[in-house]
Amino acid sequence: MAGQTMRTPPAEPIRLPAHELVYRQLRDQVLFGEFEPGQPVTIQGLTEALGVGMTPVREALRRLTAEGALEFLGNRRIAVPVLDAQAIEELSIARKALEPELARRAAHRATVQDVVRLTEIDQRLDAAIRRGDVRRYLVENHSFHADLNALAQAPILTEMVDRLWLRFGPSLRVVCGQFGTRNLPDRHKDVLAALASHDGAAAADAMMGDVAQGMEQIRQGLS
């Protein structure tokens, strides 16, 4: 009728296929250390735990294995790889090459709203440290870095970093379990200050320090 405004119906939520949902769930479990490095898990056990069929579990495991997050042990068993000294060194080199560059780029693009959002994440991280909540610390720490990396608008570099985090995330959980959260180092406050002033060099320097401290903690914890 004349004079009436046509309302656009709300968009239906996107329904992800089963294999994608399983992949994301297992990815988070790997990333936040719910699978202990070296501990074997069977495909049948995962299908029962997740309440899904074999096919989506196999597809998710195939992807995670290709990303280096898991390794097949044979006889339908998989496990998170155990990091040795060489792996830790290579991960450190790769992170130092990539993450400071992402922070530098992010500093030139960050808005006031971006800094506020990252500050709120860092405050939740600090609260998790005070409570000794290891899993919440891991979630918020990853969220801070992932949101920061997204600001860089460098999808190829970001994808490479995402895969690196899958490789050392489980070991970080082990280290936190050994030493707790209170002595975990981070340079997030320095990163936030650099973002607020759009200082790319300072952001890169702060991230280099954050990465170096974090990987050294893992090295000491696993040695």
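Miscellaneous remarks
- Residue check for T111: of a type in the set (S, T, Y) and touching a strand residue (DSSP E or B) at 6+ places or on another chain (Cβ under 7 Å): no
- If the condition is being touching a residue at least 40 places away in the same chain (Cβ under 8 Å), in contact with a Lys or Arg (Cβ under 8 Å, 6 or more places away or on another chain) and part of a helix (DSSP H, G or I), then segment 141-167 contributes L151, V161, L164, L166.
- Checking each residue in segment 105-121 for being within 23 Å of Y137 (Cα to Cα) and open to solvent by 80 Å² or more (accessible area, probe 1.4 Å) picks out Q113, R117, E120.
- Within segment 66-85, the presence of at least one residue that is within 19 Å of D28 (Cβ to Cβ) and open to solvent by 60 Å² or more (accessible area, probe 1.4 Å) is confirmed.
- Residues of segment 187-200 that turn out to be touching a helix residue (DSSP H, G or I) at 6+ places or on another chain (Cβ under 7 Å), touching a residue at least 60 places away in the same chain (Cβ under 8 Å) and part of a helix (DSSP H, G or I), as a count: 7
- Only listed residue being assigned to a helix (DSSP H, G or I) and either modelled with pLDDT of 95 or more or of a type outside the set (S, T, Y) (or both), chosen from L73, L83, L138: L138
The values are calculated or read from the model by the stated rules, or taken from the named source; none is laboratory data. Small disclaimer: the values here were computed from a predicted structure and weren't measured. Methodologically, a virtual Cβ is constructed for each residue, glycine included, from the backbone with ideal geometry; neighbour enumeration extends over all protein chains shown. Please note that ligands, DNA and RNA were not included when accessible areas were found on the heavy atoms of the full protein model with its side chains. Shrake-Rupley method; radii C 1.70, N 1.55, O 1.52, S 1.80 Å.
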